[in-house]
Amino acid sequence: MRKVAFVTGGSRGIGRAVVRHLAAEGCAVGIDYLQARDQALALERELREQGFECLAVQGDVSDREAVTAAIRQVEEAFGPVSVLVNNAGIAGQRQFQDLTDLDWRRFFAVNLDGAFYAIQAVLPHMLHEKRGAIVNVSSIWGLRGASCEVAYSASKAALIGLTRSLAMELAPSNIRVNCVAPGVIHTDMVEVLGAETLADLADQTPMGRLGTPEEVAAAVAFLAGDSAAFITGQVLTADGGFIL
């Protein structure tokens, strides 16, 4: 049976790689984006030219009505979502004492509330069918913590807590909830750190390099797929050994 996947933050970086991977595995894919409309439409066009089913939809994950409406657009086109990948996220560095209420709430609104809203939007059908896979994209900083990234790390740690608790709740309904915690991955998000910092982070990684979006996408696709049918509530790090 064909699966329908919805990937938040699917137009760039890790999300784009996840969309491509799931499409190649036969999923019809909803590509959720916030501002990167041109990139989302280019990805949609690329995949359709290859014969894959996909649809780019705009939806701010921090807005329940917006992300729910985006999911409904995809479901109208392809059918109910059976694979949800909560990938949308924001990052940033700031000393803790300089964080404002707005900063704090924005990190949690996107990185945690977005997953909450998207899951609640797809869950009724999953419960009815007693099948489904949810994969949340956290971070190694949600496992270990990072200086000057308290809000980001706290929101990503909360996402891990959501994953583990919801996995216990939904396991009797045959709905799996897992998490991927990427290390330092070569995307636009980390480019802002500069070449010197990226080289240092590569040196701190036992494998001696940064990861690629495609490597994270492979981990996400594994947890979303039938090969992981007996795996739930787990956090799979894809970090080249960074936090060993």
Subset of region 151-190 [hydrophobic (A, V, I, L, M, F, W, C), open to solvent by less than 10 Å² (accessible area, probe 1.4 Å) and closer than 21 Å to HIS125 by Cβ]: ALA167, LEU170, ILE175, VAL177
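Listed here are the residues, each with its yes/no results for (1) touching an Asp or Glu at 6+ places or on another chain (Cβ under 6 Å); (2) acidic (Asp, Glu); (3) under 24 Å from ILE175 (Cβ atoms).
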residue: LYS3; (1), (2), (3): no, no, yes
residue: GLU44; (1), (2), (3): no, yes, no
residue: ALA56; (1), (2), (3): yes, no, no
residue: ARG64; (1), (2), (3): no, no, yes
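Yes/no matrix, rows are residues, columns are (1) among the acidic types (Asp, Glu); (2) assigned to a loop (DSSP other than H, G, I, E, B); (3) free of Cβ contacts under 8 Å to residues at least 12 places away in the same chain; (4) surrounded by fewer than 18 Cβ atoms within 10 Å (Cβ to Cβ):
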{"site": "MET207", "(1), (2), (3), (4)": "no, yes, no, yes"}
{"site": "VAL220", "(1), (2), (3), (4)": "no, no, no, no"}
{"site": "THR232", "(1), (2), (3), (4)": "no, yes, no, no"}
{"site": "THR237", "(1), (2), (3), (4)": "no, no, no, no"}
{"site": "ILE243", "(1), (2), (3), (4)": "no, yes, no, yes"}
The one condition in (1) part of a loop (DSSP other than H, G, I, E, B); (2) within 19 Å of PRO213 (Cα to Cα); (3) acidic (Asp, Glu) that ASP32 fails to fulfil: (1)
Sole exception among (1) in contact with a Ser or Thr (Cβ under 7 Å, 6 or more places away or on another chain); (2) charged (D, E, K, R); (3) part of a helix (DSSP H, G or I) for ARG176, by number: (3)
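Determine if region 38-51 includes at least one residue that is open to solvent by 10 Å² or more (accessible area, probe 1.4 Å), closer than 25 Å to PHE116 by Cβ and under 19 Å from the mean Cα position of the chain (by Cα).
No, the conditions are met nowhere in region 38-51.
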Search result, residues across region 35-74 that are of a type in the set (Val, Ile, Thr), closer than 24 Å to ARG106 by Cα and touching a Phe, Trp or Tyr at 6+ places or on another chain (Cβ under 6 Å): VAL67, ILE71
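To keep it simple, each residue is scored yes or no on (1) outside any helix (DSSP H, G or I); (2) in contact (Cβ under 8 Å) with a residue 12 or more places away in the chain; (3) in contact with a Leu (Cβ under 9 Å, 6 or more places away or on another chain).
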position: VAL67; (1), (2), (3): no, yes, no
position: GLN73; (1), (2), (3): no, yes, yes
position: GLU76; (1), (2), (3): no, no, no
position: GLN93; (1), (2), (3): yes, yes, yes
Single unsatisfied condition, ILE134 versus (1) assigned to a helix (DSSP H, G or I); (2) open to solvent by less than 30 Å² (accessible area, probe 1.4 Å); (3) over 29 Å from VAL192 (Cα atoms); (4) out of contact with any Gly (no Cβ under 7 Å at 6 or more places or on another chain): (1)
Filtered residue count, region 9-42, keeping only those that are in contact with a strand residue (DSSP E or B) (Cβ under 6 Å, 6 or more places away or on another chain) and either of a type in the set (A, V, I, L, M, F, W, C) or farther than 14 Å from GLY89 by Cβ (or both): 11
Answer from GLY132, GLY142, GLY114 - the residue that is without any contact (Cβ under 8 Å) to a residue 40 or more places away in the chain and under 20 Å from the mean Cα position of the chain (by Cα): GLY142
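The values are calculated or read from the model by the stated rules, or taken from the named source; none is laboratory data. Computed from a predicted structure; not experimentally measured. Using ideal geometry, Cβ is built from the backbone for each residue, glycine included, and neighbour counts are taken over all protein chains shown. Just so you know, the surface numbers come from the protein's heavy atoms only, side chains and all, with ligands and any DNA or RNA stripped out. Shrake-Rupley method; radii C 1.70, N 1.55, O 1.52, S 1.80 Å.
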